[in-house]
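Please read the structure below before turning to the comments.
The values are calculated or read from the model by the stated rules, or taken from the named source; none is laboratory data. The structure displayed is predicted, hence computed values, not measured ones. Reconstructed Cβ throughout: ideal geometry from the backbone, glycine too, with neighbour counts over all protein chains shown.
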Amino acid sequence: MDVVHPRCAGIDCSKKDAKVCVRVQGQGGRATSATVSTWGATTGQILALREHLVAAKVSCVVIESTSDYWKPFYYLLDDGLDVVLVNAAAVRNLPGRKTDVSDAAWLADLGAHGLVKASFVPPAPIRALRDLTRTRTVITRERTREVQRLEKLLEDAGIKLSSVASHITGVSGRAMLEALIAGQRDPATLADLAQRRMRSKIPALTEALTGRFSEHHAFMARLFLDRIDAHSADIARLDERIEAAMEPFRSARELLISIPGFSRIVAEVFIAETGGDMSVFPSAGHLASWAGLSPGSNESAGRVKSSKTRPGNRYLKGVLGIAALSAARSKNTYFSAKYKRIAARRGPMRAIVAVEHAMVIAAWNLLTNGDFYRDPGADYYTAHQPAAAKARAVHQLHTLGYRVTLEPLADSA
């Protein structure tokens, strides 16, 4: 096998230190040498390691992406060296022969022969934006959990507010909860705090607010509401910070928002996770595969096994799922037609993944060409395959017991 990098280093990093193997290809009859050393994970030790690798004339450094421990090594060594970050699943060592030392030697051997594929590491501005959007996602989920805990507390008190109000922490629900905490127990008085459209539900609210809300429930409800408010304040601060960080990517965000189902938050997460620069991905299919939205390839002895999608970026897939659900419920759009067409044959879950895949393809094309989204329309499949649509409609009527005779309209002849 050809050697691409005669001098290559493999690094197996951990929290405290890293095993570094420097592999030097033998020439002129000399044997190939591999020297393994241990270096600390502190900044000073990593800088010393960089000087060591430069002195050894290493042309390629392969680092396994172990948790977050790879970051100090990658960021410091990337300044002056050709560093390749690889997925741990793609460079897994042989079972029964796995140690930190053998892992480092294995990485160096793979890198020397060009058998590693670099993972995508975005530039520093995108990494900062990614930290902000991911933190917002985590805190938003925590706020949702606090709301769920509050709902369980109300169930314990016999207060069935969530069965009438879709959002128990909305304007009306919040007013009723504050009154309960303050000591008000009369259901009619509590129900009269409803605002706007909720006032039409006052009789149902009166029934739902009849319970056994005690001082203990008041203490716990106050605790949960304070946590919800704290999370909301943190999310507002993050939104402000993200808006400032999005300044160089405003045009890209506007393009993405033109896609049905893409909200401002979805567009921001998409840019943060992909970098917004589609030149990193050779084609739209590469982006869909990287996001974990393409069928897997698993064939052996001529037999195709499971082709389920591979695990992708969970933050990106999470917001794309929300966008796909929103687009599937939209009216007179290509995505809604695609969802209905696939859901009828293969079920709603596969249809959602198919819509996510179509959204990623559209996003790649928009950011590559700089054009706003132009929806093909809900009649896309019918217009492109009129014969199939006609045959399907006739077949459905036949199964219902009707004999069909088709005559073209005068204006369509």
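Some values worked out for this structure:
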item	result
Failed item in (1) surrounded by 15 or more Cβ atoms within 10 Å (Cβ to Cβ); (2) in contact (Cβ under 8 Å) with a residue 24 or more places away in the chain, with residue 162 passing the rest	(2)
Qualifying residues in segment 149-167 (those that are in contact with a Leu (Cβ under 7 Å, 6 or more places away or on another chain) and in a loop (DSSP other than H, G, I, E, B)) - the one farthest from residue 204 (Cα to Cα)	159
Of all residues in segment 54-68 being within 12 Å of residue 5 (Cα to Cα) and over 27 Å from the mean Cα position of the chain (by Cα), the one that is surrounded by the most Cβ atoms within 10 Å (Cβ to Cβ)	61
Matching option when the condition is farther than 27 Å from residue 2 by Cβ, over 29 Å from the mean Cα position of the chain (by Cα) and part of a helix (DSSP H, G or I), among 104, 48, 108	48
Residues within segment 82-100 that are closer than 15 Å to residue 21 by Cβ and modelled with pLDDT under 90, tallied	6
Criterion (basic (Lys, Arg) and either buried (at least 19 other Cβ atoms within 10 Å of the Cβ) or in contact with a Gly (Cβ under 6 Å, 6 or more places away or on another chain) (or both)) met by exactly one of 390, 338	338
Residue match in segment 293-304 (condition: farther than 22 Å from residue 123 by Cα, assigned by TED's automatic domain parsing to the domain that holds residue 255 and part of a helix (DSSP H, G or I))	no
Hits in segment 321-335 (condition: among the hydrophobic types (A, V, I, L, M, F, W, C) and crowded, with 19+ Cβ neighbours inside 10 Å)	323, 324, 327, 328, 335
Test: residue in segment 20-37 that is under 36 Å from the mean Cα position of the chain (by Cα), touching a residue at least 40 places away in the same chain (Cβ under 8 Å) and not in a loop (DSSP other than H, G, I, E, B)	yes
Selection count where residues are more than 21 Å from residue 150 (Cα to Cα), out of contact with any helix residue (DSSP H, G or I) (no Cβ under 8 Å at 6 or more places or on another chain) and either of a type outside the set (Asp, Glu) or not assigned by TED's automatic domain parsing to the domain that holds residue 167 (or both), scope segment 205-242	2
Pick from segment 356-378, criterion of a type outside the set (A, V, I, L, M, F, W, C) and surrounded by 13 or more Cβ atoms within 10 Å (Cβ to Cβ), ranking: farthest from residue 328 (Cα to Cα)	368
Only one of 165, 188, 179, 194 that is more than 30 Å from residue 9 (Cα to Cα), among the aliphatic types (A, V, I, L, M) and in contact with a Gly (Cβ under 8 Å, 6 or more places away or on another chain)	165
Any pair with Cβ under 8 angstrom, 6 or more apart, that starts in segment 69-94 at a residue that is more than 19 Å from residue 7 (Cβ to Cβ) and ends at one that is among the charged types (D, E, K, R) and part of a helix (DSSP H, G or I)	76/50; 93/103
Sole residue being at pLDDT below 90 and not β-branched (Val, Ile, Thr), chosen from 398, 357	398
Matching residues in segment 319-345 - criterion: being assigned to a helix (DSSP H, G or I), within 18 Å of residue 263 (Cα to Cα) and out of contact with any Leu (no Cβ under 9 Å at 6 or more places or on another chain)	319, 321, 322, 323, 324, 325, 326, 327, 328, 334, 335, 336
Hits in segment 177-192 - residues which are of a type in the set (A, V, I, L, M, F, W, C) and touching a Leu at 6+ places or on another chain (Cβ under 9 Å)	177, 179, 180, 181, 188, 190, 191
Residue within segment 116-123 that is outside any loop (DSSP other than H, G, I, E, B) and either outside the structural domain of residue 212 (by TED's automatic domain parsing) or surrounded by fewer than 19 Cβ atoms within 10 Å (Cβ to Cβ) (or both) present	no
Subset tally (residues that are among the β-branched types (Val, Ile, Thr) and closer than 30 Å to residue 132 by Cα) for segment 196-240	2
Some residue of segment 309-318 being part of a loop (DSSP other than H, G, I, E, B), loosely packed, with under 14 Cβ neighbours inside 10 Å and at pLDDT below 90	yes
Of the criteria (1) touching a residue at least 40 places away in the same chain (Cβ under 8 Å); (2) part of a helix (DSSP H, G or I), which one residue 358 fails	(1)
Any hit, segment 76-97, residues being over 25 Å from residue 311 (Cβ atoms) and in a helix (DSSP H, G or I)	yes
Contacts under 6 angstrom Cβ, first residue in segment 373-384 being in contact (Cβ under 8 Å) with a residue 40 or more places away in the chain, partner hydroxyl-bearing (Ser, Thr, Tyr) and assigned to a helix (DSSP H, G or I), 6 or more apart	375/334; 376/334; 380/334
